[in-house]
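What follows is a single structure, written as C-alpha cells, with notes after it.
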Amino acid sequence: MAKKNRLILLDAHAIIHRAYHALPDFSNSKGEPTGALYGISAMLMKIVADLKPDYIVACYDLPQKTFRHEAYEGYKGTRAKTDDNLIAQIISSRKIFEAFNIPMYDAAGFEADDILGTIVDQVKKEKMNLDIVIASGDMDTLQLVDGKHVQVFTLKKGINDTVQYDEDAVKARFGFPPKLLPDYKGLRGDPSDNIIGIAGIGEKTATDLICNLGSIEDIYKKIKKDESAVLAIVKPRILELLKNGEEEALFSKTLATIRRDAPIAFHTPEKNFKEAIDIPKIETLFRELEFRGLIARVSTLFGVSKSADDTSGSQQEAPVDTNPDETKRLTLALWLLNSDMNNLGFDDVVHYAGAKTFAEGKEKILSDIKEKGLSYVYEDIELPILPIIEKMEKVDRSFCIVWLRCKHVHV
C-alpha cells in the first residue's frame, strides 16, 4: 500500500483561546492586541516542525448560535463574555492562515469540533489516503481518535507543552475507548460547557459505570432488563440516580457528541503544504504584526526567501551590501521613532513603512526623524554616545563570561 499522507486539522478557535490566556497581553506599535495571534503563529510553526504535515486545514467556530444553543438555552451559559481583544484577534487570525495558504472551513450553526468531525468522517468514507492529526487546545476532540489513523495533538499547558493521543493513549488516560467519551460527559456533565449530566455522579463513578456497563444506552438497557444484575455492580444510591436521570444523561450525551454532518465538502488541497508555501507573503504579514522573532524561524523552517515584491528572481537585498555601523545608526533612529520596538536589525530598516530596499528604508527613517522634530536628540545626543554604549556592552559581556566561568570552576 502507498504511504499515507499526513493531514493536520487545526482547531483554530480552541488554539487561539488557549494562546490568548497563556501569553502576556501584548500589542504592536499601533496599540493593536497581538498576543493570541503570536501564539497561534508560533503553534502553527511548531506543528510544521514537529509533525511535518503534507496538508493543513483550519476549522473555525462562527459567532452565531449553534444547534446546541437552540437545543439547550444554557449551553456554555456559565462562560464569561468573550473579551473584545480576543474577538478582534479571532477575526484577524484568518490572515495568518491566508498567508500560509491554509484552507479554512466553517459552517453556520456548527462548532469547529463538528467541522473537524465531519472532515474526519468524509476522509474515512471516501477512503482518502490520509492519516489525520487534530491539533487542538480542547480535550473534547479526543472522541474523534481512531487507532493511529486519527490522533490528537493537544496542549497540556501554555502553547509549548504538548501531548499526542492515539487510541491506546486515550484508553490509558480514561480507562475506556475514545468513542465512549460522550457517554462519560453525559453521566458526569461538563461544567465548562454547562452540560448538566446526572447530579451526584462524578468522574470516578462515571468511569466505573462505563468500564463495567458500557455506553449510556447499554446501561439503561441493562437496568430495564435486570436491575438486580446491575445492583451487583453499582450501589443502590447510584442505581436510583441513574433511574431518575435517564433523560438528562441522554440529552447531555447528545450535547457532548461531536457531529459528523456539518454542511461542508472537504477536498484534499491541490498542492501539499510545502509546495503551496509563499515565504514572502508570510514574512510580510509577520512584519506588519511586528513578529520579528518569528521571521527568523520562517527562514529556518522553509529556507531563505526572496523579496515579496521581487518577480525577477533576484535575491532579497543582503546586509553585507551596507555598512554594519550604518545599520546600527538607523536602528537607533527607528527606536527613537518607536521606543516600543526592540531587537531591531537590518530587516527592520529595509521594510520600514513599506520600503523595498535598505536605501529606501534609510531615506524614510531620516525623513521621519526630521519631521517629528527628533533631529537634535538623534544627532547631538544619541549618536555621540553610541560608541560608548557599544564599549559598555562589550565590557558587560566580557564580565559576564568571566563570572560564569569562575562560577563553573567554583561549583
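Each value in this text was obtained by applying a stated rule to the coordinates, not by laboratory testing. Owing to the predicted nature of the structure, the values given are computational and were not obtained by experimental measurement. Cβ placement follows ideal geometry from the backbone for every residue including glycine, while neighbour counts extend to all protein chains displayed.
Summary of values
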| quantity | calculated |
| --- | --- |
| Potential extension, residue 21-residue 244 segment - 0.36 nm per residue separation minus Cα distance | 76.4 nm |
| Two-site label geometry, residue 192 and residue 335: point separation in nm, points 7 Å out along Cα→Cβ | 4.2 |
| Cβ-based charge dipole, region 18-154, positive-most Cα from 117, 29, 89 | 29 |
| Residue among 176, 144, 165 farthest towards the positive dipole end of region 139-259, charges placed on Cβ | 176 |
| Burial ranking of peptide ranges 106-115, 143-152, 356-365 (average Cβ count within 10 Å, highest at the top) | 106-115, 143-152, 356-365 |
| Amide H contacts of residue 105 (H built 1.01 Å from N, under 5 Å, at least 5 apart or other chain) | 58, 59, 60 |
| Exposure proxy order (Cβ contacts within 10 Å, fewest to most) of 17, 267 | 267, 17 |
| Order of 68, 260 under a 10 Å beta carbon neighbour criterion, fewest first | 260, 68 |
| Nearby lysines by direct alpha-carbon distance to residue 271 (threshold 24 angstrom, same-chain neighbours under 8 apart not counted) | 3, 4, 46, 52, 95, 124, 125, 127, 281, 306 |
| Least to most buried among 325, 121 (fewest other Cβ within 10 Å first) | 325, 121 |
| Three principal axis lengths of region 183-256 [C-alpha, angstrom, descending] | 35, 20, 19 |
| Charge-dipole axis of region 183-256 as Lys and Arg at +1 and Asp and Glu at -1 on Cβ define it, positive-most pick from 230, 255, 242 | 230 |
| Per-pair calculated FRET efficiency, R0 = 30 Å: residue 149 and residue 221 via Cβ, rounded to 0.05 | 0.50 |
| Cα-based reach from residue 81 at 17 Å (exclusive), listing lysines while leaving out same-chain residues under 8 positions away | 65 |
| Environment charge at residue 332 (Cβ cut-off 12 Å; Lys +1, Arg +1, Asp -1, Glu -1) | -4 |
| Extension gain, residue 380 back to residue 173 (0.36 nm per residue minus Cα-Cα distance, nm) | 68.0 nm |
